[in-house]
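Each value in this text was obtained by applying a stated rule to the coordinates, not by laboratory testing. Given the structure is predicted, the values throughout are model-derived calculations rather than measurements. Reconstructed Cβ throughout: ideal geometry from the backbone, glycine too, with neighbour counts over all protein chains shown.
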Amino acid sequence: METQEIYELTIKNMICSRCMKVVRQDLEALGIELLQLKMGKIKFRFNNKKTTIEDIKKVLEMDEFEFVKDKDEMISEEIKLALIELVKNLPLDRAKNLSDFLVEKLHRDYWTLSKTFSKTEGVTIQRYFILLRIEKAKELIEYEQMNFSEIAYELGYQNIYGLSAQFKQEAGISMSEYKKLKNHLRTPFDKII
C-alpha cells in the first residue's frame, strides 16, 4: 500500500477567490488530493513517489504563487491577507484602529506583528495599509459610482482632505487627474510590496 503524507502550507500571493481557483486547478492537475483550501493556506495529501514538493512548487510559481518559508513570513502573509480582506469589505470602521483589528484577528500582540512585518516586508504595517487603501480608492474612482467624499468615508478617512493628500502623495497625481486618465495605473493587491 502506498503511503500518502498530509501537508499544510501557507501560500504567498493567494489573496482572492480566483487565486484559490487557480491553485485548486494546479494541484488537481498534478493529482493532488486537496483536503482544505482557504485564502493563503492549503492542506493536501499526495503520493510522494509520483509527485514531489518541488513539482508542486514549480507549478505554483508559474502562476506567481510561492510557499512561505518561515514563521516570520507566515505572520506577514497573515497580516497582508487580513488587511486585504478588510479593505475589500467596505466601509472601514473608523472607530476601530488598525492595531486593535490585527490583535483581535491574529491573536498576537501588535508589537510582535509590527516588528515581524517590518523585518520581512521592508515597510511598516501602517504604510502597507495606506498603499492598500490608495489602490482601493483608485478602483472605486474607476467604478464612478461614488464621489470622492463617499470614497473617503468608505475607506475610513475622517474627511476627503486626508484621502486627497495621501492619494496625491502616493499616486503622484490628484484624484481628479486620476479619474480623467484613459489608462488607469493600478497595482494588484498582491504586488503592492
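Altogether, the Stokes-Einstein calculation at 25 °C and 0.890 mPa s, with the Kirkwood radius of region 85-169 over Cα pairs as Rh, returns a diffusion coefficient of 179 µm²/s. Inter-part distance, region 121-158 to region 69-85, computed on C-alpha centroids, equals 20 Å.
As a rough footprinting exposure proxy, the listed residues Phe65, Phe167 were ranked by other beta carbons within 10 Å of their own, and the order from fewest upward is Phe65, Phe167.
For region 5-67, a simple Cβ point-charge model (Lys and Arg +1, Asp and Glu -1, everything else neutral) yields a dipole of about 220 debye relative to the Cα centre. Dividing the alpha-carbon radius of gyration of the chain by the rule-of-thumb value 2.2 N^0.38 Å gives 1.18.
Listed from fewest to most Cβ neighbours within 10 Å, the set Leu181, Leu113, Leu9 follows the order Leu181, Leu9, Leu113.
Projecting the Cα atoms of Gln169, Ile125, Leu86 onto the charge dipole of the chain (Cβ charges, centred on the Cα centre) puts Gln169 farthest toward the positive pole. Comparing Thr124, Thr116, Thr52 in a Gaussian network model of the chain (Cα springs below 10 Å), the most mobile by mean-square fluctuation is Thr52. Relative to the current alpha-carbon distance between Asp63 and Arg45, full extension at 0.36 nm per residue lengthens the span by 4.4 nm. Straightening the chain between Ser17 and Gln36 buys 5.5 nm, computed as 0.36 nm per residue apart minus the Cα-Cα spacing.
A simple count of charges around Pro91, restricted to other residues whose Cβ falls under 15 Å of its Cβ and scoring Lys, Arg +1 and Asp, Glu -1, yields 0. Tell me, what is the FRET efficiency for Lys168 and Asn97 to the nearest 0.05, using R0 = 25 angstrom and their Cβ-Cβ distance as r? Once rounded, the FRET efficiency stands at 0.55.
Note on Arg127 and Tyr110: their simple-model spin labels are 1.9 nm apart, each label 7 Å out from Cα toward Cβ. Taking a sphere under 12 Å around the Cβ of Leu163 and counting the other residues whose Cβ falls inside, with K and R at +1 and D and E at -1, yields a net charge of +1. Grab the beta carbon distance between Glu144 and Ile6, set R0 = 45 Å, and tell me the FRET efficiency rounded to 0.05. About 0.40, to the nearest 0.05. Given their separation in residues at 0.36 nm each and the Cα-Cα distance between them, Lys88 and His184 gain 32.6 nm when the chain is fully extended.
Per-residue ellipticity at 222 nm, computed for the chain from helices alone with -39500 (n - 2.57) per DSSP H run of at least four residues, works out to -17000 deg cm²/dmol.
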